[in-house]
Every structure is written in C-alpha cells, then in structure tokens.
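The values are calculated or read from the model by the stated rules, or taken from the named source; none is laboratory data. Small disclaimer: the values here were computed from a predicted structure and weren't measured. Here Cβ is always computed from backbone atoms with ideal geometry, including for glycine, and neighbour counts include all displayed protein chains.
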Amino acid sequence: MQKITLKTTAYILIFLLVIVALFYFYKKQASQQANAYKCPESYTEDEAGTTEYKNTLVNWTTSFFEANPKATSSDWSMAKLKLLEDNKCVIALQRSKLSGKVSDLKKWELIDYEVQNAISNAIDTNHYVSELGFSFDYPNDMFVMSDPDGPRIVIVPNSYKTDKNPTMTAVVISAMLNDPLMTPLEWLKGPNSGADMSKEYSKLNIDGQEAISLEKGAWVVVNTPDNKRQLSVATLSSVNPNQSLIAEMGIIINSLLFTK
C-alpha cells in the first residue's frame, strides 16, 4: 500500500508541476504579446506603416469578435479604448477624445473609422434617410424620432420606450438653414452658437465636407455640400456624456452621407 501511495503521490506532483509550467508559459506569452503591442502613433504614416497598422487592427478585431461573438461596434470601440489605456497610448487617447490640437485626421485614424464603419454596417446598424438631404447609420439599440417643431432628428435608446422614468440621453441632429452663409468654424465663432472656442477643437472630413468637432467629440458641425443647411450633431446630455453615447454618436458621424 505504501508503494502505491508513493507512486500516486509522485504522479500528483508531476501533474502539478506540469500545470504550474503551463501557467507560467502562457503568462509569459501573454506578457510578451502585451509588450509587443505598438500604439497607433508608433506607425509611420507612409504606405508601409498604414498597411501594417491596418493588418494589426484587423487581426485584433478578429480575435476580439471570436472571444465576444455577441459584441456590438460600441463594445468594440470601448475595448479598443481600453487597449489604448492599458498600453498608455497618450497621443491616440488624446485624439480619440478629440482633445488634441486642430489638425486633419491621421492615417491610422482613417483606418479606425473604416474598420468601425465596416463592423457597424455588418452587425448592428439601421439606415435612416432624411428628406433634408442626408442619411446615416445608427445602432439597432436606438430609434429615430423627428421633431415636429423644427428640422431636427433625435436618435434615442430603445430603453426610452419602456422606462417609466427615463433619463433622456440621445444624439440630436439639427439641420438649420445656413443663412447667412457661414462655414462651420465661422458659425461656431459667432454669437449664436454658444460654443466656447477657447477650448481646443479638431477638423473632420465628412463625405468630402470639412467639419468641426469639439466638446471631446460630443458636438460636430458640418455644412451640406450646397451650403443650404448646417448640421449640428450633438449628444444629449452635452455635459459629460458617457462613453457609450459617444461611441454611438461616432457610428452616426462616421456613416453620415449627403445627397449629391
């Protein structure tokens, strides 16, 4: 009996040693993978660097959806933000919140928009066409309401339909007549916008139209191509909107198209 006990004990010890070895092996692999991650700003902005970043992002996205098959594009956006935070990607984090200096989008930011558009179009958006000359995609956990009192569209979470005491959160698109004619920047600097232009802002390109983004991405202003209307897209509430609402507004902004 003693020999059997010793033999069994030896097997148990060997088994435990194998488990410990495997644990440290995979922990080391995970650590190496984390250390190997390059922040978006580390890639060169030429064709080679852009291709390398796109391939890296696509591979990461594939792994993310394999691990999270029911995830939405908002979930993807939040996970990517956490990836930047975990790896201390200072420049990418600043620009993801649109709080950097005025500048055009970087090559890797254009790829981010391209990938997020592809995700949202594939899995979790509806399409809305306005009679005012523009269209956009919006998350399928939201619905669209037209404002009878003005040229305004409100995109609201579906929970608002059933919640008896809702806290109103939404993305609001106002399509006011651009009279007198002004660029988005001229209007924002004018007396009627209410914008604090002492804060930093960023330039965006929306379907060929130059747009201005401020309030850390919670407010975007763009003219229609014929300059007839000026679209103001903003979150409600505008003060400290949560990241989920910012991500949902990003889907709308990234897919915004004009009738030409």
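Pick from the range 199-216 the residues that are of a type outside the set (Asp, Glu) and under 20 Å from residue 152 (Cβ atoms): which of them is surrounded by the fewest Cβ atoms within 10 Å (Cβ to Cβ)?
Of all residues in the range 199-216, those of a type outside the set (Asp, Glu) come to 199, 201-206, 208-209, 211-214, 216.
Cutting the leftovers down to under 20 Å from residue 152 (Cβ atoms) gives us 206, 209, 211-214.
Numbers: 206: 21, 209: 16, 211: 20, 212: 22, 213: 20, 214: 20.
Checked the range 199-216; the qualifying residue surrounded by the fewest Cβ atoms within 10 Å (Cβ to Cβ) is 209.
For the range 233-260, give me each residue that is among the hydroxyl-bearing types (Ser, Thr, Tyr) and within 25 Å of residue 119 (Cα to Cα).
Step one: of the range 233-260, the residues among the hydroxyl-bearing types (Ser, Thr, Tyr) are 235, 237-238, 244, 255, 259.
Listed by number, the residues that qualify are 235, 244, 255, 259.
Given (1) under 25 Å from the mean Cα position of the chain (by Cα); (2) in the same structural domain as residue 243 (by TED's automatic domain parsing); (3) of a type outside the set (Ser, Thr, Tyr), where does residue 131 come up short, assuming only one miss?
Condition (1) is where residue 131 drops out.
In the range 171-206, how many are small (Gly, Ala, Ser) and in contact with a helix residue (DSSP H, G or I) (Cβ under 8 Å, 6 or more places away or on another chain)? Steps first, please.
Initially, the range 171-206 is screened for residues small (Gly, Ala, Ser), giving 174-175, 190, 193-195, 198, 202.
Those left that are additionally in contact with a helix residue (DSSP H, G or I) (Cβ under 8 Å, 6 or more places away or on another chain): 193, 195, 202.
Of the residues in the range 171-206, 3 are small (Gly, Ala, Ser) and in contact with a helix residue (DSSP H, G or I) (Cβ under 8 Å, 6 or more places away or on another chain).
Say we look at the range 176-214 and pick out the residues that are among the small types (Gly, Ala, Ser) and at positive phi; which of these is modelled with the lowest pLDDT?
Of the range 176-214, the ones among the small types (Gly, Ala, Ser) are 190, 193-195, 198, 202, 208, 211, 213.
Keeping just the survivors that are at positive phi gives 194, 208.
Values: 194: 88, 208: 92.
By that ranking, first place goes to 194.
Of 115, 156, which residue is in a strand (DSSP E or B), among the β-branched types (Val, Ile, Thr) and closer than 14 Å to residue 247 by Cα?
Numbers: 115 fails: in a strand (DSSP E or B).
Going through 115, 156 in turn, the sole match is 156.
Can you tell which of 67, 92, 48 is within 20 Å of residue 250 (Cα to Cα), modelled with pLDDT of 80 or more and either touching a helix residue (DSSP H, G or I) at 6+ places or on another chain (Cβ under 6 Å) or not charged (D, E, K, R) (or both)?
92
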